[in-house]
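Peer 1: Quick one: this structure, given as C-alpha cells, is what I'll be asking you about.
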Amino acid sequence: MFVDSHCHLIFPELRERLPEIRAAMAQAQVGAALCVSTRVEEIEQVVALAETDPQWWASAGVHPDTEGETEPDEALLLRWAAHPKVIAIGETGLDYYRLNGRSIADMAWQRERFRVHIRAGQATDLPLVIHTRQASEDTVALLREAASAGQPALRGVFHCFTETMDVARAALDLGFLISFSGILTFRNAEDLREVARYVPLDRCLIETDSPYLAPVPFRGKTNTPALVPHVAAELARQKQCSVEQIADATRVNFERLFGVSVAPVNKEGRGTTA
C-alpha cells in the first residue's frame with residue numbers, strides 16, 4: 001500500500017473530483033495522503049477535508065511564494081497545530097525563483113515567514129514540510145541556525161526534492177527526510193535520480209504534489225494521489241528493489257515522521273482496522 005506524502009486536494013483542479021479521486025486511489029492501493037495548505041485561508045479547508053477520511057491528514061502553513069496575502073503568525077500556527085488532524089507545519093521554506101527584479105536581500109519577508117514556521121515546529125514538535133527553490137543555501141542556513149539554538153531538535157521533510165547532492169547531504173545531516181515526486185520520472189532528471197540512489201531508503205518519502213508534476217507516462221495531465229505508485233516504481237528502479245519494498249518503506253517512514261498509523265486500504269479507499 002502506498003502513501004502520498006504531499007498533495008493539494010483542495011485546489012480547483014481536484015476538489016470537484018474527490019469521489020473519483022478517492023476511487024482511483026483505492027484502485028491504485030494508495031491508502032493515505034497528507035493534504036498540504038499553502039495559504040492561511042486554506043488551512044481550515046484542508047483540515048475539513050482531512051476530517052472526511054481517517055486516512056487523510058492536513059498541514060498548517062503558508063507557502064513561501066505567496067506574497068501580499070494574510071501573513072501567518074506563530075499563534076495561528078500553534079492554534080491549528082493543536083487539531084488532531086494536523087500532523088505537520090508547512091509547506092514552508094524559501095523560494096527565490098520569481099524575484100521579479102528584486103534582490104535576495106529584498107526577500108527578508110520570506111526568511112522571517114520561514115522563521116515563524118520553524119518556531120511553530122519547534123514549539124509543537126511537529127515536522128516541517130520544506131519547500132525550497134533556488135534558495136537552498138539560505139534554506140539550509142536557517143534550519144542550521146534554528147537547530148543549533150532550539151529544543152526540541154528540528155525534523156521534517158524536504159518535499160518534491162529537486163536540489164543537488166550537496167543539499168541532499170545537508171538535509172540528511174539535519175535529520176530530515178527527502179521526498180521524491182513525479183519529477184523523478186522525467187527524462188532530464190538524471191541528477192535527481194542520482195540523488196535518489198544515494199538517499200537511504202529509510203529516509204525517503206514519495207509524493208505527487210498533485211495536481212502538478214504528473215509522472216511519466218502522464219506528464220502534462222492533471223496529477224492525483226492515484227499516480228504516486230509511478231513515483232514508487234521509478235524509485236524502485238533506482239534502488240534496484242521491488243515496488244512493494246518502496247511502498248512498505250515509505251509508508252513506515254511516513255508513520256514514523258508524522259506520528260500516525262496507516263491502516264490497510266479497502267475497496268472503497270478507506271482505511272480498515274484489520
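Just so it is clear, none of the values below were taken in a lab; they were calculated from the coordinates. Because the structure is a prediction, the values reported are computed rather than measured. Positions of Cβ are backbone-derived with ideal geometry, glycine not excepted, and every protein chain shown enters the neighbour counts.
Peer 1: Multiply the residue separation of Asn188 and His83 by 0.36 nm, subtract the distance between their alpha-carbon atoms, and state the gained length in nm to one decimal.
Peer 2: My answer for the length gained is 33.7 nm.
Peer 1: For region 2-258, calculate the relative contact order in percent as a whole number, restricting contacts to Cα pairs under 8 Å that are 6 or more residues apart.
Peer 2: 20 percent
Peer 1: Next question, about the same structure. If you add up the charges near Val216, with Lys and Arg at +1 and Asp and Glu at -1, over every other residue whose beta carbon is less than 10 angstrom from its beta carbon, what do you get?
Peer 2: Net charge in that neighbourhood comes out at +1.
Peer 1: Using 0.36 nm per residue of separation minus the Cα-Cα distance, give me the extension gain between Leu172 and Glu112 in nm, one decimal.
Peer 2: Between Leu172 and Glu112, full extension yields an extra 19.2 nm.
Peer 1: Only Cα pairs within less than 10 Å get springs; with that Gaussian network setup on the chain, which residue of Leu94, Leu143, Leu205 has the largest fluctuation?
Peer 2: Highest fluctuation of the listed residues: Leu143.
Peer 1: Can you give me the distance in nm between label points at Gln240 and Ser103, each placed 7 Å from the Cα along the Cα-to-Cβ direction?
Peer 2: 5.0 nm
Peer 1: Rounded if a/c is under 1.5, else prolate if a/b beats b/c, else oblate: with a ≥ b ≥ c from the C-alpha gyration tensor eigenvalues square-rooted, which is region 48-184?
Peer 2: Since a/c stays below 1.5, the shape of region 48-184 is classed as rounded.
Peer 1: Quick one: grab the alpha carbon gyration tensor of region 145-274, order the square roots of its eigenvalues as a ≥ b ≥ c, and give me rounded if a/c is under 1.5, else prolate or oblate depending on whether a/b is larger than b/c.
Peer 2: Note, shape of region 145-274 comes out oblate.
Peer 1: I've got another one for you. About its Cα centre, how strong a charge dipole does the chain have in debye, to the nearest 20, once Lys and Arg get +1 and Asp and Glu get -1 at the Cβ?
Peer 2: Roughly 580 debye, rounded to the nearest 20.
Peer 1: Name the residue, out of Gly61, Gly220, Gly121, whose mean-square fluctuation peaks in a Gaussian network model built on the chain with Cα pairs under 10 Å.
Peer 2: Gly220
Peer 1: Let me ask another. Per DSSP helix of 4 or more residues, -39500 (n - 2.57); summed, then divided by the residues of the chain. What does that give at 222 nm, rounded to the nearest 500?
Peer 2: -12000 deg cm²/dmol
Peer 1: What's the longest piece of the chain with no exposed GluC sites (Glu not before Pro), counting a site as exposed if DSSP puts it in a loop and it has at most 10 other beta carbons within 10 Å?
Peer 2: By the stated rule (loop sites, at most 10 other Cβ atoms within 10 Å), 17-267.
Peer 1: Can you tell which of Val36, Thr52, Val62 lies farthest toward the positive end of the dipole of region 20-81, using +1 and -1 charges on the Cβ of basic and acidic side chains (Lys, Arg; Asp, Glu)?
Peer 2: Thr52
Peer 1: Which three numbers, in whole Å and largest first, are the semi-axes of the equivalent ellipsoid of region 2-258 derived from its Cα gyration tensor as √(5λ)?
Peer 2: Equivalent ellipsoid semi-axes, largest first: 26, 22, 18 Å.
Peer 1: Continuing with this model, one more query. Roughly what would the spin-label model give for Asp65 and Thr164, points 7 Å off Cα along C-beta, in nm?
Peer 2: Modelled inter-label distance: 2.0 nm.
Peer 1: So, one more: With label points built 7 Å along Cα→Cβ from the Cα atoms of Val216 and Asp248, find their separation and express it in nm.
Peer 2: 2.8 nm
Peer 1: Using Cα pairs closer than 8 Å and at least 6 residues apart in sequence, work out the relative contact order for region 147-268, in percent.
Peer 2: Computed value for region 147-268: 21 percent relative contact order.
Peer 1: Summing +1 for each Lys or Arg and -1 for each Asp or Glu, what net charge is found among the other residues whose Cβ lies under 14 Å from the Cβ of Cys7?
Peer 2: Net charge around Cys7: -4.
Peer 1: If you keep only loop residues by DSSP, which trypsin sites (Lys or Arg not before Pro) in region 153-247 have at most 13 other Cβ atoms within 10 Å of their Cβ?
Peer 2: Arg187, Lys221
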